[in-house]
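Before any comments, here is the structure.
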Amino acid sequence: MIFRRLFPPQDKSVTVMDGREWDRRGLMRFAVGAGLSSFCAPAAEPNIRWGLGLVTWRGNSEWPEILADVEAAGFSGVEPFSGKFLNDHAMAQLGELLQMHKTIRMCSIYWNGPFHEPAQHDRLWEQGRKVLGYLKRFGADRFTFGPPRPDVEDEKIAISNAAKFVNDFGRMALEEYQVRTDIHPHVGSLIENPRQIDMLMDLTDSKYFNLAPDTAQVWMGGGDPVALFQKYKHRIIYIHYKDVRAYYRGLGDYMNNVVELGRGVIDFPTLHRILKSVSYKGWITIDLDNARSSPRDSGRIQKEYIDRILAPIYS
């Protein structure tokens, strides 16, 4: 115990201090009064954990550079997405490197596919199981679906087909892997605008499938992030924070209009207050597609905004 290290006892039941004999109860009362009890209790888990999405790194970036940047910028999580990082070799390399970057964890995995096509469901189910295995390996408990393409003959049928798949998959993920699943609405996709988001939420069970809003994607898709957060505050289980220029809607010239937190139109303080109102606990990932400087410098800029503006509201 910490008290034995601080004050070595003279025998098994009594400690001598300043010429006085203290029994264990007296020592505990002294320790509490002196503020030493904090040594005995583990640090409280934060409500919000902050991560960075791999989309910020472009070109030939590899895990060593990415993890060094994440750590240097002050973040504690990474989110891989569909591409070169979702394979056995990349996951094995990540596992080895995280032994050296012990403050970093996996937030979620972003994964997309043609979930609205029943003919693809068996194949996607098996691929999704592999992704769930990666999440389980790293102790992560969020699986984030990216929506399919929007070019469908019948939107209602397509969203209904997608809803059935993600709901069934979400049930399996929860029951077999203890992982919860969500949708990340995306501009230029089948789940882009408030009407489409509402349809998918209405067709799925909140026990098995929920929402992972990306603030800039919601804005670009024609929605209001504040209204969406308020409406679905009890179904938000994972979040992407990303800012965007005020005048910008739609998909064209996307990369030139997404910006670091606090440099665009998104009202992050109000969003953070909504999260506080429901005692949200979990990850918020900064998912910036286009760092204006280096990913590391961009991360530091965003972490400074988080610490200065958002953390005092809710952390």
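Structural remarks
- Residues whose amide H falls under 5 Å from that of Leu52, counting only those 5 or more places apart or on a different chain, are Gly77, Val78, Glu79, Ile286, with hydrogens built in the peptide plane.
- With the biggest extent put first, the Cα atoms of the stretch 73-147 measure 43, 22, 20 Å across the principal axes.
- Extended-chain gain in nm, criterion 0.36 nm per residue less alpha-carbon gap, Asp307 and Lys276: 9.6 nm
- Antiparallel content of DSSP bridges confined to the chain, in %, to 5: 15
- Per-residue [θ]222 nm for the chain (sum of -39500 (n - 2.57) over DSSP H runs n ≥ 4, rounded to 500): -11000 deg cm²/dmol
- If only the Cβ of Lys and Arg carry +1 and only the Cβ of Asp and Glu carry -1, the dipole of the stretch 82-200 around its Cα centre is close to 540 debye.
- Kirkwood Rh in Å, taken over the stretch 173-253 so that all alpha-carbon pairs contribute: 13.1
- Estimated translational diffusion coefficient (Stokes-Einstein, Kirkwood radius over Cα pairs, 37 °C, 0.692 mPa s) of the chain: 153 µm² per second.
- Added length on full extension, which subtracts the Cα-Cα distance from 0.36 nm per residue, Gln120 to Asp198: 25.7 nm
- GNM result for the chain, Cα springs below 10 Å: residue of Leu97, Leu275, Leu67 fluctuating most strongly: Leu97
- Using the Cβ-Cβ distance between Ser293 and Lys136 with R0 set to 30 Å, the FRET efficiency works out to roughly 0.25.
- Highest-MSF residue in the chain out of Arg180, Arg137, Arg296 [GNM, Cα springs under 10 Å]: Arg137
- Net charge of Cβ neighbours under 15 Å - reference Arg296; Lys, Arg +1; Asp, Glu -1: -3
- Distance (nanometres) between label positions extended 7 Å along Cα→Cβ at Asn87 and Ala246: 4.6
- Cβ-based charge dipole, the stretch 168-267, positive-most Cα from Val265, Asn193, Thr215: Val265
- Portion, in percent, of the accessible area of the chain that falls on carbon or sulfur, probe 1.4 Å: 52
- Average accessible surface area per residue within the chain, 1.4 Å rolling probe, Å²: 48
- Calculated FRET value between Arg149 and Ala44, using beta carbons and R₀ = 45 Å, to 0.05: 0.55
- Share of pairwise Cα separations in the stretch 216-276, more than 20 Å, in percent: 23
- Our summary of shape: the Cα atoms of the stretch 100-240 have principal axis extents of 45, 36, 25 Å, ordered from largest down, in whole angstrom.
- Between the amide H of Arg180 and those of Arg142, Phe143, distances stay under 5 Å, these residues lying 5 or more places away or on another chain, with hydrogens modeled in the peptide plane.
- Residue separation of Lys156 and Glu96 scaled by 0.36 nm, minus their Cα-Cα distance, works out to 17.1 nm of gained length.
- Summing +1 for each Lys or Arg and -1 for each Asp or Glu among the other residues whose beta-carbon sits under 11 angstrom from that of Asp88 gives +2.
- Net charge contributed by nearby residues that have their C-beta within less than 15 Å of Arg58 (K/R +1, D/E -1): -3
- Among Gly51, Gly252, Gly222: highest mean-square fluctuation, GNM of the chain, C-alpha pairs under 10 Å: Gly252
- D_trans [Stokes-Einstein, Kirkwood Rh over alpha-carbon pairs] for the stretch 269-315, 20 °C, 1.002 mPa s, µm² s⁻¹: 182
The values are calculated or read from the model by the stated rules, or taken from the named source; none is laboratory data. Remember, predicted model here, so these are calculated numbers, not experimental data. Reconstructed Cβ throughout: ideal geometry from the backbone, glycine too, with neighbour counts over all protein chains shown. Side chains are part of the model used for accessible areas, which takes the heavy atoms of the whole protein and leaves out ligands, DNA and RNA. Shrake-Rupley method; radii C 1.70, N 1.55, O 1.52, S 1.80 Å.
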